[in-house]
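Working notes for the structure below.
The values are calculated or read from the model by the stated rules, or taken from the named source; none is laboratory data. In this text the structure is predicted, and so the values were computed from the model without any measurement. Counting neighbours? That spans all protein chains shown, and the Cβs are built from the backbone with ideal geometry, glycine included. Each accessible area value is taken on the protein alone, full model and side chains, heavy atoms only, with ligands, DNA and RNA left out. Shrake-Rupley method; radii C 1.70, N 1.55, O 1.52, S 1.80 Å.
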Amino acid sequence: MKPTYARGRLVPALALIALSVAFAPPARADGVSLPVGVGGGPSSSLDWKPCSQGADDAIGGELDRAGARCAELAVPLDHSRPGGPTITLALSRLPAADRAHRIGTMVLNSGGPGESTLGMPLRTRAAMKDVATRYDLIGLDPRFVGRSTPLDCGWPVGLWVRSAGATRARFDHQVAVQRDLAERCARRHADVLPYANTRDTARDIDLVRRALGERRISFLGYSYGGYLGAVYTQMFPGRTDRVVLDSAGDPDKWGPRATRGTEDEAERALRGWAAWAAGRHGTYGLGATTARVLATVDSIVAAAQERSLRVGRFEVDDQAVPYLLSVGSGDDRPAARAEFASTVRTLNEAAHGRPAEPGAELAGFLAFVLTSAGSPFAGPTAAIVCGDRAAPRDPDTYWNDVQRSRARHPLFGPLKNNIWPCAFWPNEPREPLTHVANPTPALIVSATGDTATTYEGGKAMHRALTGSRLLTLRGATAHGIYGEHGNACVDAKVNAYLATGALPTADVTCVSD
């Protein structure tokens with residue numbers, strides 16, 4: 001899972017993160033519940049209105065200018081009690097311009113979990129080109145995300161993912177931090193946390209389908225959104241038309257420990273970036289060979305273990321640095337690599353005790369990760385991950401895994417195996433993890449160098465959906481491909497499927513540009 005940087009991208013992702021933050025209300029005092037309705041079952045009528053909620057609502061204004069409209073749908077908090085309390089879902093609709101040749105409705109999810117999807121029809125329409133005129137595009141904020149009865153745990157930090165650090169004392173510090181984050185969520189939202197999970201989100205999608213008057217819906221999901229789409233096909237067979245799951249991982253490995261086993265991919269991506277940076281030593285000054293660039297990275301990590309690095313107004317410690325390195329190296333497009341090189345150069349200045357002022361992108365990301373600005377995104381992300389699958393409760397389980405992985409992967413092993421808030425979550429999952437195994441036709445899009453939901457995970461999703469085809473982007477370090485990575489071959493093949501409904505006759509491979 002890589003919910004920050006918008007599925008692995010340093011630069012564009014901050015805009016998506018800002019959507020989640022902008023759509024969330026101000027933090028509430030501890031113990032105040034979410035606005036849950038009094039009951040009466042789900043509402044099936046949709047009252048379409050302008051999307052903008054004020055002059056400072058940039059996404060709402062952009063949706064309105066594009067011709068989209070927004071609505072709300074009341075759904076059960078607990079789907080086993082359809083007449084019980086309700087919550088409100090927010091959705092946008094960008095209608096098909098070519099009504100005479102309309103194919104149907106496509107529901108979108110941008111991943112996370114925790115990313116707002118309300119504005120996603122705008123960029124999806126651009127990716128689909130002429131095919132977009134034949135679809136109603138639906139941006140649906142999942143339950144407790146964005147405008148859909150938003151959940152905010154009031155955390156002092158954003159995303160919780162950190163390295164265990166070099167010592168047991170540093171790991172114990174992380175244990176205390178993760179316990180505190182879980183307890184903050186429990187104090188604020190114990191009444192609704194049991195209903196934050198993927199299966200209930202899939203049930204919400206089916207109620208949206210009914211409210212839209214559709215017998216079947218098409219679906220496009222990225223990263224976690226790919227997993228959500230697969231769960232929907234499992235729970236509601238026969239209710240999908242065209243399904244695209246981009247950068248979707250192994251559905252059997254989804255949950256609080258999904259990052260375990262991705263150390264090799266992270267190291268390959270870092271080496272690939274280091275080779276790129278070495279060829280631009282004159283610009284970034286990080287080393288003239290791959291080995292020298294990696295040595296610079298190692299020196300930054302070592303300096304952070306001695307003291308926190310001062311980057312502008314932020315203190316970046318040894319537990320945050322490996323996360324920055326993992327996420328920043330996960331995209332091989334030139335602009336992303338250049339941005340990450342600037343990040344490493346800034347960290348290197350800080351490691352040497354020199355003034356280190358972050359650029360706008362790095363400053364925004366550090367604010368999101370290290371301050372409460374990221375809480376409205378991170379809280380629902382944790383609630384869904386922890387609500388889907390139980391995590392081990394004994395901290396020694398994580399420490400032992402960290403130590404085993406550290407021997408082969410000294411930088412990324414302590415990151416990928418570290419403890420999360422799920423170890424202290426106040427409730428166990430209400431239902432087992434969904435076992436995905438069905439013949440739904442779908443197009444699975446996966447890059448061979450994906451560091452988050454790995455290529456092996458994409459192949460596992462392909463095996464689980466026996467009616468699917470696998471579209472491989474070979475030679476790319478990418479997470480989020482269709483319409484995002486800029487590969488014309490991938491975009492054309494996805495659009496051909498969306499236009500005709502015909503999957504390729506066999507698995508297909510595109511080559512990175």
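May I ask you to list pairs of residues, at least six apart or on different chains, whose Cβ atoms are under 9 Å apart, with the first in segment 45-68 being touching a residue at least 12 places away in the same chain (Cβ under 8 Å) and of a type in the set (D, E, K, R) and the second being outside any helix (DSSP H, G or I) and exposed (fewer than 15 other Cβ atoms within 10 Å of the Cβ)?
D64/P50
Among the residues in segment 431-448, are any touching a Phe, Trp or Tyr at 6+ places or on another chain (Cβ under 9 Å) and open to solvent by 30 Å² or more (accessible area, probe 1.4 Å)?
yes
Being among the polar types (S, T, N, Q), within 28 Å of Y398 (Cα to Cα), open to solvent by less than 10 Å² (accessible area, probe 1.4 Å) and in contact (Cβ under 8 Å) with a residue 60 or more places away in the chain is true for just one of T233, T198. Which residue is that? Spell out the reasoning first.
Details: T233 fails: within 28 Å of Y398 (Cα to Cα).
Only one candidate passes the filter, namely T198.
I'd like the full set of residues that are within 15 Å of E263 (Cβ to Cβ) and part of a helix (DSSP H, G or I), limited to segment 399-422. Spell out the reasoning first.
So the first thing to find is which residues in segment 399-422 are within 15 Å of E263 (Cβ to Cβ), and the list is 401-418.
Residues satisfying the conditions are D401, V402, Q403, R404, S405, R406, G413, P414, L415, K416.
Check R268, R188, R209, R257 and return the single one that is buried (at least 20 other Cβ atoms within 10 Å of the Cβ), under 27 Å from G457 (Cα atoms) and either among the basic types (K, R) or modelled with pLDDT under 95 (or both). Lay out the reasoning, then the answer.
On the way: R268 fails: buried (at least 20 other Cβ atoms within 10 Å of the Cβ); R188 fails: under 27 Å from G457 (Cα atoms); R209 fails: under 27 Å from G457 (Cα atoms).
Residue meeting the stated conditions: R257.
Which residues, taken from segment 450-467, are touching a residue at least 40 places away in the same chain (Cβ under 8 Å) and over 20 Å from S110 (Cα atoms)?
Selection gives E456, A460, A464, L465.
What are the residue pairs meeting all of these: first residue in segment 151-165, first residue crowded, with 23+ Cβ neighbours inside 10 Å, second residue hydroxyl-bearing (S, T, Y) and at pLDDT below 95, Cβ atoms under 7 Å, and 6 or more apart or on different chains?
Note: pairs meeting the criteria are L159/T4.
Going by the conditions given, is T259 out of contact with any strand residue (DSSP E or B) (no Cβ under 9 Å at 6 or more places or on another chain) and closer than 22 Å to V402 by Cα? Lay out the reasoning, then the answer.
Values: out of contact with any strand residue (DSSP E or B) (no Cβ under 9 Å at 6 or more places or on another chain): yes; closer than 22 Å to V402 by Cα: yes.
Here the answer is yes, as T259 does meet what is asked.
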